[in-house]
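Participant: First the structure, then my questions, so here it is.
Each value in this text was obtained by applying a stated rule to the coordinates, not by laboratory testing. The shown structure was predicted, so the numbers you read here are calculated from the model rather than taken from an experiment. Please note: Cβ atoms are built from the backbone with ideal geometry, for glycine as well, and neighbour counts cover all protein chains shown.
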Amino acid sequence: MARTPLLQLTDIALTFGGNPVFEDLSLTIQPGDRVALVGRNGSGKSTLMKVMAGLVEPDRGEVVSPTGTRVGYMEQDPDLSAFATLGEFARAGLDEGQGYLVEMAAEGLKFDASRPVQTASGGERRRAALARLLAEAPDLMLLDEPTNHLDIEAIGWLEEQLAATRSAFVLISHDRAFLRAATRATLWIDRGVVRRQEKGFEAFEEWRETTWAAEDEARHKLDRKIKAEARWAVEGISARRKRNQGRVRALQDLRAERAAQIRRQGTAAMALESGPQSGKRVIEAKGIAKDFGDRTILKPFDLRVQRGDRIAFVGPNGVGKTTLIRMLTGEIAPDAGSVTQGTNLDIAVFDQARAALDPDMSLWDSLTGDPEMRVSGRADQVMVRGQPRHVVGYLKDFLFDEGQARAPVRSLSGGEKARLLLARIMARPSNLLVLDEPTNDLDVETLDLLQDILGDYDGTVLLVSHDRDFIDRVADTTVAMEGDGRAVIYPGGWSDYRSQRPQTAVATATPEPASSKPTPETVTPKTPRDGLSFTERHRLEALPAMIERLEAEIAKLSDFLADPDLFTTAPAKFNKATEALAERQEKLSQAEEEWLALEERAN
């Protein structure tokens, strides 16, 4: 029996500024769909999602949803002006007694529901909007970059929620690991055409390459046919003018077809050039520590960074990753210990706040106004790795068109700002590259290119990222900061860290490349005399709070289900609360068993 679609778009056409975004677009979203919406930056992903949400009216076509179907959209920049706190905004529209859903989402997404809206950051507002959507649990959720501003733990929590939800969803993200975990189908926007494959993101790249290969083959055949027909026209048209006008017109049609084809957007022509070689020892940190007021950011920590290392710093938001890097690069001083930098260091920094970009300056002035890029006496050229380049030509290397050169930076999307900042960094040689959240807003193809560039870079890389796949591809050492002031070093990337974490913890060590055999000095776990490793001891200390939280959630759910009329008046809410209660009871049982086992070993 055919299912009734939750949403159906038929023959949609949309034009912005004379250029068609979509033409004759049709797609269907079914109950239970878990769909990745992918495409290059600027391909129209967010626009399509707004059409699906009813926020943008198409020029032509129909958007149909059955009566009673609830469609929820997570806004990129939600308007919270009518609310006093983030929690008040997130609970708006919920029935009385469902506030616990927002409380659980606030804990998982790590924002303070009591924070006043006026003092909340953009990331906190987005997390509140995501919490609101998850609590509402509409029939169809539209999620535009839900993982932006989330740390790895919160992303993992969101993956669990999406795996358990009964709602269908369509999501935009550039986080490969998140897309692989969450999706079972893929919508791909490419030059105004939307294709669908009934496989999750795991199969996307192979599908894309196969599609493009078939397109290239078809274009090649068309070119050969045009060439053959053109030769015929030149050699014999005068003798057969009257009888073959149809063939001449066919040749004109072939040429028109070829001219109308939209070429694929290329990848940015990014490149990194290493400056003069640094010393073998790039940074030596001994016993460095940092406190902010009563809060310990970093306990005494040692780290030796050698030339060519790729070191990733991971941990929850606010744990102090950026602070640690700023101490290592000498931007701020530690409260204790010492940092010694090696010789001939030439540092380039990509900061997550994009603070190096003035939103009121044009792209042109952002490049020519940089003292390190300025060419004396030439207002239209910039110095790029020792060679003068025209500003517009260099911007085109990073996929900007000529019309954007004089536009203000504030008009750029997040991905475009990231590319502009990369343009500034890559214009000059460096031998120590600091990348603080470089993957935010960059599309998959640009991330692939950045990864390849870093692989060929002769210098040293310090990386902060919540993109697990990117860390795995780039890092040979991972420094984990888990919120207790300790920084622990592990060989390898994110997956290596996760596989080692339950058994091995290191307080201070010298990072080794992932390919080298770790020495006992670098990986020997510190095992207290009570028989527990540090990680197990930390887990034992954390479990009581987890058990208490689960018990509180179970009590709230039980009170909610105690309403005798709930099943009759709101069966869907009754079923959802019942499932949540069973899930938390199971987690409570597992946590209690784990606590008993660890406690027994400790005593």
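Participant: What distance in nm separates the two pseudo spin-label positions at Asn344 and Met361, each 7 Å out from Cα along the beta-carbon direction?
Facilitator: 3.0
Participant: Would you mind getting me the FRET efficiency between Ala552 and Ala82? Use the beta-carbon distance for r and R0 = 35 Å, nearest 0.05.
Facilitator: In this case the efficiency is close to 0.70.
Participant: What is the set of long-range amide H partners of Val282 at a cut-off below 5 Å, with H atoms built 1.01 Å from backbone N?
Facilitator: Val305, Gln306, Arg307
Participant: Okay, moving on. Quick one: which of 358-365, 62-69 comes out on top by average Cβ neighbours within 10 Å, and what's the full order, highest first?
Facilitator: Listed from highest to lowest mean packing, they are 358-365, 62-69.
Participant: On full extension of the chain, what length is gained from Ile332 through Gln30, given 0.36 nm per residue of separation minus the C-alpha to C-alpha distance?
Facilitator: Taking 0.36 nm per residue and subtracting the Cα distance, the gain is 103.4 nm.
Participant: Starting from the Cα of Lys286, draw a straight line to each of the aspartates and glutamates and keep only those under 13 Å, dropping any in the same chain fewer than 8 residues away.
Facilitator: List returned: Asp302, Asp335.
Participant: Quick one: which residues, 5+ away or cross-chain, put their amide H under 5 Å from the amide H of Leu7? H built at 1.01 Å from N.
Facilitator: For Leu7, the qualifying residues are Ile29.
Participant: If you count, for each residue, the other Cβ atoms within 10 Å and average over each peptide, how do 574-584, 489-499 line up from highest to lowest?
Facilitator: Ranking, from highest mean packing down: 489-499, 574-584.
Participant: For a protection proxy built on the mean count of beta-carbon atoms within 10 angstrom, sort 157-163, 130-136 highest first, please.
Facilitator: 130-136, 157-163
Participant: For a quick check: with amide H placed at 1.01 Å from N, whose amide H comes under 5 Å from Thr460's, ignoring anything fewer than 5 positions away on the same chain?
Facilitator: Gly308, Leu432, Leu433
Participant: Would you mind checking the pairs Lys290/Lys417; Lys110/Lys573; Lys556/Lys587; Lys45/Lys587; Lys280/Lys321 and listing those with alpha carbons more than 27 angstrom apart?
Facilitator: Lys290/Lys417; Lys45/Lys587
Participant: While we're looking at this one, here's another question. With θ taken as phi - 60° and the coefficients 6.51, -1.76 and 1.60, list the Karplus ³J(HN,Hα) couplings across the stretch 415-428 in order, rounded to whole Hz; mark glycine and proline as x.
Facilitator: Karplus values, whole Hz, x for Gly and Pro: x, 5, 4, 4, 5, 5, 5, 5, 4, 5, 5, 7, 6, 10.
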